[in-house]
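Take a look at the structure below.
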Amino acid sequence: MKFNITGMSCAACSARVEKAVTSIEGVSFCSVNLLTNSMIVEGTATKESIIDAVVTAGYGVSDNENGEKINNFRVNKGTIRLILSIIFVIIIMYFSMGVNMLSFPLPSFLRNNNVGVAVIQMVFALIVMILNKKFFINGFKGLLKANFNMDTLVSIGSGASFIYSVYLLFRMTKGENHIHNLYFESAAMILALISVGKLLEEYSKGKTTNAIKSLLELKPQKATVIKNGVETVVPIEDVNVNDIFVVKPGENISIDGIIIEGNTVIDESMLTGESIHNEKGVNDKVFGATINKSGYIKCRVTNVGEDTVLSKIIKTVTDATATKAPIAKTADKVAGIFVPAVIIIALITGICWFIIENNFSIAFERAISVLVISCPCSLGLATPVAIMVGSGVGAKKGILFKSAAALEEAGRVNTIVFDKTGTLTNGTPNVTDIISKDKNLLKYAYSVEKMSEHPLAVAINNEAKNQNITPYNTTDFVNHIGKGISCKIDDKVLRAGNLQFVNIPNEKEIEDLTKELSQQGKTVLYFSLNNEYLGAIAVADTLKDDSKSTVKKLKKHGYNVYMLTGDNELTAKRIAENIGIDNVYAKVLPDEKAEIIKKLKQKGKVVMVGDGINDAPALAVADVSMAIGKGTDIAINSADIVLMNSNLTDVYNALFLSKKALKNIKENLFWAFFYNSIGIPLASGVFTSLLGWQLNPMIAAAAMSLSSICVVFNALRLNFINFNKEIKDMKKTVKISGMMCPHCEARVKKLFESLPQVLEAEVSHKNGTAIITLNDELTDDEIKTLIENEGYKVI
């Protein structure tokens, strides 16, 4: 269950709400987020009992089951109150400091009339206090219920300053001169400065939710559906599963579906972060909020409402930001006792200074300074702002963190375990080698394999289709289980399968070929026509383009990399060797994968990366689990982090982002603790006798506001993370002759950028150069071979 909470002003408030709800029978989990003013509750407790507990604790609460409410910064009544408060504070400052210290002119009726000047200060201070009455309402309400929070400190500080000044004003009416001891300006200035800080804090907090807001803005509002043969624009809420909708070129796709007519190119960057557009045709899936760049398509709706991909992404990000990272528990414990401790310290400070100086004014000023400089807000914001920004940055890159704990734990892992099939490899067999004694080998192979649905047959059929090969007419197809398949072409028997089945003499050349290809992890199919050897075709599950570079990058940054697979040991070791993985577990079942993960966890934090149903047990056991976005729903549901782009590079990016976010959280917590550990002693006057340092309440209030703002702006730095920072200087300049025109330039650029090692290529036919930015090693010989095969020369 999700709720919106109102009335919280600091970490002590969120801790109080959390404690109140957790104490309810039937609540198994409760997490309150100060940044988003939200609460997530799990368990069997009723919604009514939860709401009652929050209200009893002194806060407002409302249902928020869709989890999509985001507080936007805007000019409202609070902003107007702040502007008026500042104007009245300036007037008070004129009559207090301006007149007394700078000899500003006064109206004739106030000259030599200290009581009149004091009364004017009191009136304007009272107006400022009324404008900011929420501090007093929340503060004293918390004080009466022993729910201490930041408003308690502010209201006590401002209220005490005002009451003491009123007391001195009455003394002044009896002829005593206390004009220099009044604190009306402090009473008003404290409220104004705290309000300024809150306004800036809300503005900067609004910045941290920009990623989620941009996702919410992507949600389509209307769709064009076909009703009774007519295209009709309807609200998105009225669209149902299996409705037929159309999308014209340039339009946003309104909802998830599957193409039933037409071909197009779709920009999915707003969901995946990938700038490359995807070609789509009949039976391909399309997703709401993506952009149809070219063709007219007709689609059938597959998912609506909260089941769409965009809604699931929004839910994942908002849920992650609503949860708490384990590191936040320390701050919460401190915040729970922080305000009562500060009130006690302020009382002790006032008593001590009164004993030392025998001056109530000095003692009072020190005590008020302690109250207003103390800041539980920075403690409460330290973790959630970093989580919010980090989750948002990840969402933009197509990396979805399902919880704050996942974001934190990923920053601590030292071991990465990869599943092989579908994770390191493409998951579908492809033709890798064609060794032919007959030039028509692939045509013969296609002719017999076209009638088979075996994965190896599919690989051969796809290869033939890619080469636009037309098969022979065949008859009498037979599937010889465990051996191969056969058919007839003009009464000649065409066989495909193992060596024994195709009746080929076991020649040493063929035997050596079989052994060599098998050692490379490939499956070899042999073909014969009327027992005459036609050749062999090797099929294998090919590596993903970024497998090798990702593993290399992970090892370079000190991670231990393992591979788990159910495949045979020979194939597994060969693939691991090609990628650069030294630690391999082969022929393991799903439950055995989970046991291996448990053993590896004894050596440190482990992240498991997988994509299939068989990976779900291991994903569930690992400290952190990552699922490939194109994997099965079971794997995705079992994972803590989902890689929407299905790029292995994002494994490194997710870990890199997590480390940066964890570092940012630690910086925020350090600043929050450091600020209070220095600010409170400074305000209490500990350094006065040693260094002459002292603070009055107004400066203390400004410092308090600044501390929260610093924490929020520090978190915003995560928006500027450069995921390719370590490779920014890996560039090569290649001099090429033979480029004569822009067409040649574009050809060479496309050639370079087709390589997984090349991030970007800047090519100039006028200068005869190509400047390539690399993310992995690319040798000079490889470059030379690549370019000269296209008819150009590397000089």
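If a/c stays under 1.5 just call it rounded; otherwise compare a/b with b/c (prolate if a/b is bigger, oblate if not). Do that for the range 535-627, with a ≥ b ≥ c from the square roots of the Cα gyration tensor eigenvalues. Judged from the Cα gyration tensor, the range 535-627 comes out oblate (a/c at least 1.5, b/c at or above a/b). Partners of K731 within straight-line reach, counting aspartates and glutamates whose Cα lies under 19 Å from its Cα and excluding those fewer than 8 residues away in the same chain: D546, E745, E753, E760, E762, D776, E777, D780, D781, E782.
Just the Kirkwood number for the range 409-549, please: inverse of mean 1/r across all distinct Cα pairs, in Å, one decimal. Averaging 1/r across every pair of different Cα atoms and inverting gives 16.3 Å.
Accessible surface computed residue by residue for the range 441-580, with neighbouring protein chains in place and a 1.4 Å probe, gives 51 Å² per residue. Among the protein heavy atoms of the range 395-519, carbon and sulfur supply 45% of the accessible surface, probe 1.4 Å, non-protein parts ignored.
Taking 14 Å as the cut-off, the amide N atoms of the range 163-187 that come nearer than this to a point 7 Å along the Cα-to-beta-carbon line of N359 belong to 180-182.
May I ask for the net charge around E357, where only other residues with Cβ less than 12 Å from the Cβ of E357 are counted and Lys, Arg are +1 while Asp, Glu are -1? It works out to a net charge of 0. I'd like the Kirkwood hydrodynamic radius of the range 473-632, using the inverse of the mean 1/r over distinct C-alpha pairs, in Å. Final number for the Kirkwood radius of the range 473-632 is 18.6 Å. In this simple spin-label approximation, A746 and E511 carry label points 7 Å from Cα along the Cα→Cβ vector, and these lie 5.5 nm apart.
Computed with the Debye formula from one identical point scatterer per Cα of the range 409-471, without solvent, the log10 of I(q)/I(0) at q = 0.12, 0.14, 0.16 Å⁻¹ comes to -0.44, -0.52, -0.60. Counting only aspartates and glutamates at least 8 places from K134 when in the same chain, those with an alpha carbon closer than 18 Å to its own are D151, E201, E202. Working from label points 7 Å from Cα in the Cα-to-Cβ sense, the N789 to N722 distance is 3.3 nm.
Simple spin-label estimate for N240 and D307 gives 1.3 nm between the two label positions (7 Å along the Cα-to-Cβ direction from each Cα). Highest average first, the peptides 536-549, 160-173 ordered by how many other beta carbon atoms sit within 10 Å of their residues are 536-549, 160-173. In this structure, the amide hydrogen of I736, modeled 1.01 Å from its nitrogen in the peptide plane, lies closer than 5 angstrom to those of T769, A770, I795, counting only residues at least 5 positions away or on a different chain.
The values are calculated or read from the model by the stated rules, or taken from the named source; none is laboratory data. Everything quoted here is computed from the prediction, not taken from an experiment. Ideal geometry is used to build each Cβ from the backbone, glycine not excepted, and the neighbour counts take in all protein chains shown. Surface areas here come from the heavy atoms of the whole protein model, side chains and all, with no ligands, DNA or RNA. Shrake-Rupley method; radii C 1.70, N 1.55, O 1.52, S 1.80 Å.
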